[in-house]
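Only one structure is covered here, and it is reproduced in the block below.
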Amino acid sequence: MDVCVIGAGYVGLTTSAVLASFGHHVHCVDKDKERITMLLEDKVPIFEPGLEELVIENKKKGNLVFSTQLGKAVKNSSIIFIAVGTPLSADGRADLSFYQAVTNELSTLIDSYKIIITKSTVPVGTNSELERTLLEKGVSADYFDVVSNPEFLREGTAIYDMLHPDKIVVGVNDPKPITMVQKLYQKIQAPFIITSLNGAEMIKYASNTFLAVKISFINELAQISDAYDVDITDVALGLGTDPRIGPHFLRAGLGYGGSCLPKDLASMEHQALKQGITPHLLKAAQTINDLLIDGYVNKLKNKVADLQSKKVTVWGASFKPNTDDTRHSQALRLIERLKEEGCEVHVFDPAVTVDHVKNHQDMYESVNESDVLIIATEWKEFIQADWALVKEKMKGQVILDCRNCVSPRTIKHYGFTYVGMARP
Ligand code: UDX
């Protein structure tokens, strides 16, 4: 099938590369000239394991082309994906300006039947609104169908997640395009969940807000467990074996960040308030997440009385391991807070450099003469660190493990003071 994907970010690029690997002819378009130039030169502008190889392979096969020209791509495609960003605006709304710019342009380009599939996360009602707008702008009803097909991939495992989803959600107001969408994805083994346009949009928000609530739940329990000297990893294990709860997203620590969970929680709150509904649980999840930084800084202050001018090394700045993405990163918020406390902050992250701190290329050099080491993102290299070497280099002995990712027993064995949350 001939497919146009609008947007070459995480979702757009992964969708393009995976659909091309299925043998579809994919035309990926982005307005960002620099981004497209890089892709034309076989360079993938984002850090995502396996993506560059898949892009290069499918470009070579002729299944994947990149350009900034939407007109030609739309003309040659029967399926059009919209995968542009819908970032968080200051008031908590999803900013739909990119999405609206694309749909306005599409309304002037459609001159034969197209299936328009929204991949971007958009507030409930947006796809139905798109249908109305296209009709109002004079596009014939025979020339298009709108489908909401949200994406659930995670950064760092994007390709795997797209190839092995637990479901494919397809929202439509008219069943006509369903068969084509099923054909498009026929190489993926996953159940189709067919619902309305609003239903599909809501499923996406429901998933991300549930994950945020689950993380805040375990983080609240971690604080209570901490007070009672209970190990939260045991609690998570005991909880997670119940199939009604499940073992995932029960890792207590510094909380959630990234481009989706904080944004979608804020947007869902905003959508609820718009309907006169107070989203108590969603607000609580957000508050708990925001206060985690204070909790860890207080824990640190219990061990190091005066943080002023202390050399504090932070390992990890990305919002989670295996990505260079720092959007809404809790690690970055912690770094800012440490600076406010007067600490001399040194940072090592395998994929990120942070502004206005001393960044290091080598994780062991970063702890030279440090008073405190903080693990803020659980990269594999931190979990497997050579603790004897760290001990040799550090001046102080406090290790604050904000991701409960190293064994307290191991850390103590090397003569450190281990500080985690609910890790007695
Ligand atoms: C998320 C959703 O998982 C994905 O389905 C959606 O399409 C996009 O948003 P992503 O933002 O890539 O994916 O990250 P994810 O792996 O979900 O982690 C989100 C945040 O939660 C990270 O900051 C992570 O560190 C944190 N987290 C995750 C926890 O604190 N504890 C956990 O148990 C799991």
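May I ask you to rank Cys402, Cys260 by accessible area, largest first, using a 1.4 Å probe over the protein chains only?
The residues order as Cys260, Cys402, largest area first.
If you count, for each residue, the other Cβ atoms within 10 Å and average over each peptide, how do 324-330, 113-119 line up from highest to lowest?
Taking the mean over residues of other Cβ atoms within 10 Å, the ranking is 113-119, 324-330.
How would you order 234-240, 4-10, 348-354 from highest to lowest mean count of nearby Cβ atoms within 10 Å?
In descending order of packing, they fall as 4-10, 348-354, 234-240.
Rank-order 69-82, 409-422 by packing density, defined as the average count of other C-beta atoms within 10 Å over each peptide's residues, highest first.
Sorting 69-82, 409-422 by mean packing, highest first, produces 69-82, 409-422.
Would you give the gap between the C-alpha center of region 65-92 and the C-alpha center of region 1-36, rounded to a whole Å?
So the separation of the two Cα centres works out to 9 Å.
For region 228-235, in order, what is each residue's ³J(HN,Hα) by Karplus, 6.51 cos²θ - 1.76 cosθ + 1.60 with θ = phi - 60°, in whole Hz (x at glycine and Pro)?
9, 6, 9, 7, 5, 5, 5, 4
Measure up Lys310/Lys358; Lys72/Lys176; Lys358/Lys380; Lys303/Lys412; Lys33/Lys119; Lys60/Lys183 against 20 Å on the Cα-Cα distance and list the ones that go over.
Lys72/Lys176; Lys358/Lys380; Lys33/Lys119; Lys60/Lys183
Rounded to the nearest Å, what's the spacing between the alpha carbon centres of region 376-411 and region 231-296? Just the number, please.
26
What value, in deg cm²/dmol to 500, does the helix sum -39500 (n - 2.57) over DSSP H runs of n ≥ 4 give at 222 nm once divided by the residues of the chain?
Calculated at 222 nm, the ellipticity per residue is -13000 deg cm²/dmol.
Stretch Lys299-Ala351 to full length: gain in nm at 0.36 nm per residue minus the Cα-Cα span?
Between Lys299 and Ala351, full extension yields an extra 16.0 nm.
Going by amide H atoms built from the backbone, whose H comes under 5 Å of the H on Ile117, apart from near neighbours?
Ile80, Phe81, Ile82, Val147
Counting only other residues whose beta carbon sits under 14 Å from that of Lys393, what net charge do I get with K and R as +1, D and E as -1?
Around Lys393, the charge tally is -3.
List, in order, the whole-Hz ³J(HN,Hα) value for each residue of region 349-359 obtained from phi through the Karplus relation with A = 6.51, B = -1.76, C = 1.60 and θ = phi - 60°; use x for Gly and Pro.
Each residue of region 349-359 in turn: 9, x, 10, 9, 10, 10, 5, 6, 9, 8, 8 Hz.
Using modelled backbone amide H atoms (1.01 Å from N, in-plane), which distant-in-sequence or interchain residues come within less than 5 Å of Ile374's amide H?
The answer is Thr313, Val314, Trp315, Leu400.
The values are calculated or read from the model by the stated rules, or taken from the named source; none is laboratory data. Everything numeric in this text was worked out from a predicted model, so none of it was measured. When we count neighbours, we look across all protein chains shown, and the Cβ atoms used for this are built from the backbone with ideal geometry, even at glycine. Ligands, DNA and RNA are excluded from the accessible area calculation, which covers all protein heavy atoms including side chains. Shrake-Rupley method; radii C 1.70, N 1.55, O 1.52, S 1.80 Å.
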